[in-house]
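Some notes on the structure that comes next.
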Amino acid sequence: SNYITILKDPLLLNSAKNTIILTISVVVLEIFIGFSLALLLNNKRIRFRNIYLFILLIPMLMPPITVGLIWRLLLHPELGIINYALGVIGLPQPLWLATPNLAMVTIIIVDVWHETAFIILVLLAGLTSMPEEIYEAAIIDGANSRQKFKFITLPLMAPTILVATIIRMIAALKTYDLVYILTRGGPGISTETISYYIYKVFFV
C-alpha cells in the first residue's frame, strides 16, 4: 500500500519532473562549457595556462553547502551584490530564489558554476593524453582545424566525454544540498527534487 500511495502522489511526479529538468540542463551546459574551456586550455600557445586552470578549479574545491550559502548571499534581493550591480546599470532586480520559474534557473546556474570545473579537469586530462602524431599526420594530409576537431578530437574524446557525462548525471540526479540551502524546494514545490522530496517525506 505504501508503494501504491507514493506512486499516486502528485508531489512525487513534480519532484521527478524537476529532477529531470535539472539533470538534463546542468549536464548539457557543463559538458558544453567544460569541453570548450578544456580545448582552450589545451592550446599550448596560451600563456599562464596553469594559472587559468587553477582559477577555474577553485569552485570545485568548495563543498556544496558553502557554495549554496555564498550564492544565497550574493542573490539576496536587498543585500546581494548581484542585484546591486544590476540596479547600478539600470536593469531589473529579480527575486532570484522567490520566483517559481527563475528559482530553478538559478539553481542550474549555481550548479554549473560549481561543477563545470570537474568536467574541465576530466576532459583536459583526456585531451593532453592524446598522441600528437595523429594531428601531425592530419596536417601533412592537409586537414584544417575544423576537420581535425571533427575527425580526430571528437571521436577519440567520445569515451571520456561519455564517462564525464555519466558521472555528472548520477551526481545531478542526487542533487539535494543546493536545493536545501537556496530554496528549500520552493517557491511552493517549483524546485523540489527527488532527494529533497525523500527528505521531506522521511523527516518532515
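The values are calculated or read from the model by the stated rules, or taken from the named source; none is laboratory data. The shown structure was predicted, so the numbers you read here are calculated from the model rather than taken from an experiment. Cβ placement follows ideal geometry from the backbone for every residue including glycine, while neighbour counts extend to all protein chains displayed. The accessibility values were calculated without ligands, DNA or RNA, using every heavy atom of the protein model including side chains. Shrake-Rupley method; radii C 1.70, N 1.55, O 1.52, S 1.80 Å.
Any residue at all in region 190-201 that's over 16 Å from Asn43 (Cα atoms), open to solvent by less than 70 Å² (accessible area, probe 1.4 Å), part of a loop (DSSP other than H, G, I, E, B) and among the charged types (D, E, K, R)?
Yes, that holds for at least one residue.
Looking at (1) free of Cβ contacts under 8 Å to residues at least 12 places away in the same chain; (2) closer than 18 Å to Leu102 by Cα, which is the only condition Arg47 fails?
Every condition holds for Arg47 apart from (2).
Residue under question is Ile109, and the condition is that it be of a type in the set (Val, Ile, Thr), open to solvent by 80 Å² or more (accessible area, probe 1.4 Å) and under 30 Å from Leu74 (Cα atoms); does it hold? Please lay out each step first, then the result.
Working: of a type in the set (Val, Ile, Thr): yes; open to solvent by 80 Å² or more (accessible area, probe 1.4 Å): yes; under 30 Å from Leu74 (Cα atoms): yes.
Yes: the conditions hold for Ile109.
What is the number of the single condition among (1) buried (at least 16 other Cβ atoms within 10 Å of the Cβ); (2) touching a residue at least 60 places away in the same chain (Cβ under 8 Å) that Ala98 does not meet?
Going through (1) buried (at least 16 other Cβ atoms within 10 Å of the Cβ); (2) touching a residue at least 60 places away in the same chain (Cβ under 8 Å) one by one, Ala98 breaks only (1).
I'm trying to understand the selection: among the residues of region 176-189, which are open to solvent by less than 30 Å² (accessible area, probe 1.4 Å) and more than 22 Å from Leu7 (Cβ to Cβ)? Walk me through it before giving the result.
Here is the first cut: in region 176-189, the residues open to solvent by less than 30 Å² (accessible area, probe 1.4 Å) are 178-179, 181-183, 185-186.
Answer for region 176-189, where residues must be open to solvent by less than 30 Å² (accessible area, probe 1.4 Å) and more than 22 Å from Leu7 (Cβ to Cβ): Leu178, Val179, Ile181, Leu182, Thr183, Gly186.
Need pairs with beta-carbon distance below 6 Å; first residue open to solvent by 70 Å² or more (accessible area, probe 1.4 Å) and within region 134-163, second modelled with pLDDT under 90 and among the aliphatic types (A, V, I, L, M); sequence gap 6+ or separate chains.
Leu156/Met130
Those residues that are out of contact with any helix residue (DSSP H, G or I) (no Cβ under 8 Å at 6 or more places or on another chain) and either surrounded by 13 or more Cβ atoms within 10 Å (Cβ to Cβ) or not aliphatic (A, V, I, L, M) (or both), I need them from region 1-13; list them, please.
Initially, region 1-13 is screened for residues out of contact with any helix residue (DSSP H, G or I) (no Cβ under 8 Å at 6 or more places or on another chain), giving 1-5, 7-10, 13.
Within region 1-13, Ser1, Asn2, Tyr3, Thr5, Lys8, Asp9, Pro10 meet the criteria.
For every residue, the table says whether it meets (1) out of contact with any strand residue (DSSP E or B) (no Cβ under 9 Å at 6 or more places or on another chain); (2) under 21 Å from Thr165 (Cα atoms); (3) not β-branched (Val, Ile, Thr).
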site	(1), (2), (3)
Leu13	yes, no, yes
Thr23	yes, yes, no
Asn42	yes, yes, yes
Gly90	yes, no, yes
Leu95	yes, no, yes
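Among Ile24, Ile33, which is touching a helix residue (DSSP H, G or I) at 6+ places or on another chain (Cβ under 9 Å), closer than 25 Å to Phe118 by Cα, touching a residue at least 40 places away in the same chain (Cβ under 8 Å) and not hydroxyl-bearing (Ser, Thr, Tyr)? Give the steps one after another, and end with the answer.
Details: Ile24 fails: touching a residue at least 40 places away in the same chain (Cβ under 8 Å).
Going through Ile24, Ile33 in turn, just one is touching a helix residue (DSSP H, G or I) at 6+ places or on another chain (Cβ under 9 Å), closer than 25 Å to Phe118 by Cα, touching a residue at least 40 places away in the same chain (Cβ under 8 Å) and not hydroxyl-bearing (Ser, Thr, Tyr): Ile33.
Does region 46-65 contain any residue that is open to solvent by 50 Å² or more (accessible area, probe 1.4 Å) and either touching a strand residue (DSSP E or B) at 6+ places or on another chain (Cβ under 6 Å) or under 19 Å from Met104 (Cα atoms) (or both)? Step through it out loud before you land on a result.
Of the residues in region 46-65, the ones open to solvent by 50 Å² or more (accessible area, probe 1.4 Å) are 46-52, 54-56, 58, 60-63, 65.
Checking the rest, the ones that are also either touching a strand residue (DSSP E or B) at 6+ places or on another chain (Cβ under 6 Å) or under 19 Å from Met104 (Cα atoms) (or both) come to 65.
Yes - at least one qualifying residue is present in region 46-65.
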